[in-house]
Amino acid sequence: MTRPSGRHFLQIPGPSNVPDTVLRAISMPTIDHRGPEFQELFLHVLEGMAKIFGTRNQVVIYPATGTGAWEAALVNTLSPGDEILCYETGHFSSLWKSMAERWGLKPTTIPGDWRTGADPEKIRAALENDSEHRFKAVCVVHNETSTGVTSRIPEIRRAIDETGHPALFMVDTISSLGSVDYRHDEWRVDVTVSGSQKGLMLPPGLSFTAVSDKALEAHERSTLPKSVWNWSEMLAAGRDGRTPYTPNTNILFGLKESLRILDEEGLENVFARHRRFGKATRTAVDTWGLEVLCTNENEHSPVLTAVVMPDGQDADELRAIILDKFNMSLGAGLSKLAGKVFRIGHLGDLSDLTLAGTLAGVQMGLQLAGVKVDPSGLEAALDVLRDK
Ligand code: PLP
């Protein structure tokens, strides 16, 4: 195999491409995490992350991937045997539910079709049926990365409120934070979890939790064992710009730079750019004559698009061709979608031309794989990108 020239196109829906300035920031010499320089850095990134979450409360930063923050959300607020309500939006919501079971919690799942988001009306009905308030939490994935569907969190909040049910509202924003509009305080979410390797344009290795006052009260009562994830210790140390154990200092250097980049572009502009990328990608897919997995016009993800392969054609073979011929990685179909869909990531540090190149690579790959497509798909996407 000869060396492919140019940069690899990492167009999976996270980890996303890491900007050069962030890579350079990460490459700085590691500093003493108990010294004053670290203290200043940590206080700075805690404040920056609170802004990104849209919260006035102090956030928690873990040296772990998103899965760690999932676990933290459960063990910090719940007690053995607690019942929770989980909405099945796809692979990741199912994993979160399985984790809850392993912790001795009792999840009830609202089944979903993996093509639409969490339905506020179904959540309302489930809570209305729970007059004894057995559900202690409602867990929803904001952007379901396995399907390319973004659930409508404010509408779900409204539905919960209208039932008067006291359950905590927990939301996974691992693949949406920093790319899709999100407001922890305004939408009165109790626990929001996120990760570094998607909208924040960092390597994997940090996760984040925003916590409401109500979640902090639940934390006081919760009896599930907690050690590494313990909010009390994380928050007490964080107030002073410290961590209870060794942080991953260099990724925090990168976080400072990625927060600067997001601030420079302006979050509203970042969100608009992602919406435009989603629209351009869906336009290409529709024009090719293929099907976008998400079927609800109001729930298309600005972060990724999952594309359904025509019957009898294997999405993984297509991805292998594209990797081999064009040095581009696309996301695989996960669990029951394996081989049936491929996912185009359009998040993070991405320009119009990078997306144009991505869609050109997908179109050429489809043609090489023998999938019948209308070649004006790429041109149709360029029309969207041109029309700023
Ligand atoms: N939730 C969502 C929506 C995800 O996309 C992912 C990973 O892609 C996870 C949870 C798991 O997070 P991690 O792989 O960072 O542990």
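The values are calculated or read from the model by the stated rules, or taken from the named source; none is laboratory data. The model shown is predicted, which means the values in this text are computed figures rather than measured ones. No Cβ is skipped: glycine too gets one built from the backbone with ideal geometry, and neighbour counts run over all protein chains shown.
Below is a table of values for the structure above.
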{"quantity": "Search result, residues across the range 319-331 that are under 25 Å from the mean Cα position of the chain (by Cα) and surrounded by 17 or more Cβ atoms within 10 Å (Cβ to Cβ)", "calculated": "R319, I322, L323, M328, L330, G331"}
{"quantity": "All positions within the range 302-343 that are among the basic types (K, R) and within 18 Å of V285 (Cβ to Cβ)", "calculated": "R319, K340, R343"}
{"quantity": "Options A69, A25; residue that is among the hydrophobic types (A, V, I, L, M, F, W, C), within 16 Å of the chain's Cα centre (by Cα) and modelled with pLDDT of 95 or more", "calculated": "A69"}
{"quantity": "Within the range 147-158, considering residues that are of a type outside the set (V, I, T) and within 13 Å of the ligand (Cβ to nearest atom), the one surrounded by the fewest Cβ atoms within 10 Å (Cβ to Cβ)", "calculated": "S151"}
{"quantity": "Lone qualifier among V22, V59, V18, V75 - being under 15 Å from G241 (Cα atoms) and either in contact (Cβ under 8 Å) with a residue 12 or more places away in the chain or among the acidic types (D, E) (or both)", "calculated": "V59"}
{"quantity": "Options L78, L74; residue that is away from the ligand (no atom under 16 Å from the Cβ), under 16 Å from F169 (Cβ atoms) and not aromatic (F, W, Y)", "calculated": "L78"}
{"quantity": "Filtered residues of the range 1-51 (kept if among the β-branched types (V, I, T), within 16 Å of the ligand (Cβ to nearest atom) and touching a Ser or Thr at 6+ places or on another chain (Cβ under 7 Å))", "calculated": "I12"}
{"quantity": "Some residue of the range 134-144 being over 17 Å from the mean Cα position of the chain (by Cα), within 13 Å of the ligand (Cβ to nearest atom) and surrounded by fewer than 21 Cβ atoms within 10 Å (Cβ to Cβ)", "calculated": "no"}
{"quantity": "Residue in the range 120-129 that is in contact (Cβ under 8 Å) with a residue 24 or more places away in the chain and within 16 Å of the ligand (Cβ to nearest atom) present", "calculated": "no"}
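Residue-by-condition table, conditions (1) in a helix (DSSP H, G or I); (2) touching a residue at least 24 places away in the same chain (Cβ under 8 Å); (3) within 25 Å of S175 (Cβ to Cβ):
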position: D324; (1), (2), (3): yes, no, no
position: G331; (1), (2), (3): no, yes, yes
position: G348; (1), (2), (3): no, yes, yes
position: G361; (1), (2), (3): yes, yes, yes
position: L366; (1), (2), (3): yes, yes, yes
position: D383; (1), (2), (3): yes, yes, no
